[in-house]
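Working notes, beginning with the structure itself.
The values are calculated or read from the model by the stated rules, or taken from the named source; none is laboratory data. Predicted model, so just to flag it, every value in this text is computed and none were measured. Because the Cβ atoms are built from the backbone with ideal geometry, glycine has one as well, and the counts that use them run over all protein chains shown. Please note that ligands, DNA and RNA were not included when accessible areas were found on the heavy atoms of the full protein model with its side chains. Shrake-Rupley method; radii C 1.70, N 1.55, O 1.52, S 1.80 Å.
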Amino acid sequence: MPITGMRPRTALLGGSFDPPHLGHIHLMHEVATLTPIGRLVIIPANISNFKQDSRPASFHDRVAMLRLLVSDYRAMFPLDGLEVEISSWEGEQGGVSYTSDTIRHFLPDIADEGRVNFIIGDDILSRLDGWHDYDYLCSHVRFWCFSRSGKASPPPGCDVVMIPSEILPASSTQIRDGDERMLSESVRKYIHEHDLYRA
């Protein structure tokens, strides 16, 4: 059943999206069906703080693939009613992307009871206290955590909404290594046409 209460206007979803895949489509559908969120802003990182040594596809390519993925999501779930858009803000800033900087930027426009709604999975929850500017995040973010195991525990002091879900397992690393089973057709075609992830 959807979570009840006042409907937040917007939530953010960050990540490398290198590449975006069917797991992300499934997450969008779960946001639409399991939460009261009506607008989702996807924010690809320029350089992830936790992947500073990696060499992702270009920011331009990742945004292009996300646009294709969002179109695929709308085709697969036309009745969801979730407004999805992509923000290039972190790419425009350059350098390493820190979630706290992004929250500071978006907070004035999308605050919901003084906080920014931010989507995460329970794999991130246990590492949340290692995020840059953790205390600021706990004070200004409401984390909507999709939990497949149901066993994850929120860190103390943070506003976390736990959402039992059926997260679709998918790995961007495996896709980059050649396993294309979790790609939507349009993203797979883009990867081939632009010769991405080829050793």
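Here are the numbers for the structure shown:
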| read-out | value |
| --- | --- |
| Mean ellipticity per residue at 222 nm, deg cm²/dmol - from DSSP H runs of n ≥ 4 across the chain, formula -39500 (n - 2.57) | -10500 deg cm²/dmol |
| Listed residues GLY14, GLY81, GLY121, most fluctuating in the chain (Gaussian network, C-alpha, under 10 Å) | GLY81 |
| Choice from LEU66, LEU183, LEU79 with maximal GNM fluctuation in the chain (Cα, 10 Å cutoff) | LEU79 |
| Amide proton proximity set for ILE47, modelled H, under 5 Å, gap of 5+ | SER97 |
| Dipole of the range 28-109, positive direction: furthest Cα of THR102, LEU82, THR33, with charges on the beta-carbon | THR102 |
| Accessible surface of the chain [probe 1.4 Å, protein heavy atoms]: carbon and sulfur percent | 51 |
| Built amide H within the under 5 Å cut-off of ILE42, gap 5+ | LEU13, GLU85, ILE86, SER87 |
| DSSP beta bridges in the chain [antiparallel fraction, %, rounded to 5] | 5 |
| The range 93-157: trypsin sites (Lys or Arg not before Pro) falling in loop per DSSP and having at most 10 other Cβ within 10 Å | LYS151 |
| Residue-normalised accessible area of the range 41-199, expressed per residue, 1.4 Å probe, Å² | 54 |
| Net charge of neighbours whose Cβ lies under 10 Å from the Cβ of ILE110, counting Lys and Arg as +1 and Asp and Glu as -1 | +1 |
| The chain: DSSP helices with Cα axial extent of at least 20 Å and average Kyte-Doolittle hydropathy no lower than -0.5 | 59-76 |
